[in-house]
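The values are calculated or read from the model by the stated rules, or taken from the named source; none is laboratory data. This one's a predicted model, so the numbers in the text were calculated from it and none came from an experiment. As a convention, Cβ positions derive from the backbone with ideal geometry for all residues, glycine included, and neighbour counts pool all protein chains shown. The area values use the complete protein model at the heavy-atom level, side chains included, leaving out ligands, DNA and RNA. Shrake-Rupley method; radii C 1.70, N 1.55, O 1.52, S 1.80 Å.
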Amino acid sequence: MPDLVVVQVREYRMHQLEVLDRGKAGFTVLIHPPANRGPTREVTRDATTPTLGDVLNRAKAEIDAVMGPKPPPRARPMRARNW
């Protein structure tokens with residue numbers, strides 16, 4: 001039986017996060033930036049990030065470092081009530 005690989009793609013701040021999960025064989029997280037932001041890179045797993053959630057959070061932190069701080073949320077405009 002061939003190995004099963006689950007692929008999930010998430011979008012975060014104009015970047016694509018690609019998660020390749022091979023079950024007990026491990027997982028890989030790839031960051032695909034927009035075309036003008038550089039090449040695809042892999043987020044490596046180390047002793048401080050043993051779980052998939054930790055690696056995803058580290059990938060998001062790397063994207064935040066490149067993109068800068070998130071802008072504050074915009075206030076929604078007040079709408080006039082029609083009685």
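Per-structure values
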quantity	calculated
Unique residue being at pLDDT below 90 and hydroxyl-bearing (S, T, Y) when the list is T40, T44	T44
Single unsatisfied condition, N36 versus (1) surrounded by 13 or more Cβ atoms within 10 Å (Cβ to Cβ); (2) over 12 Å from the mean Cα position of the chain (by Cα); (3) not in a loop (DSSP other than H, G, I, E, B)	(1)
Filtered residue count, the range 11-33, keeping only those that are within 14 Å of A59 (Cα to Cα) and either touching a residue at least 24 places away in the same chain (Cβ under 8 Å) or more than 15 Å from the chain's Cα centre (by Cα) (or both)	10
Residue list for the range 67-83, filter: over 13 Å from the mean Cα position of the chain (by Cα) and either charged (D, E, K, R) or outside any loop (DSSP other than H, G, I, E, B) (or both)	K70, R74, R76, R79, R81
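Residue-wise test of (1) open to solvent by 30 Å² or more (accessible area, probe 1.4 Å); (2) farther than 12 Å from Y12 by Cα; (3) in a helix (DSSP H, G or I); (4) of a type in the set (S, T, N, Q).
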| residue | (1), (2), (3), (4) |
| --- | --- |
| V29 | no, yes, no, no |
| T48 | yes, yes, no, yes |
| N57 | yes, no, yes, yes |
| E62 | yes, no, yes, no |
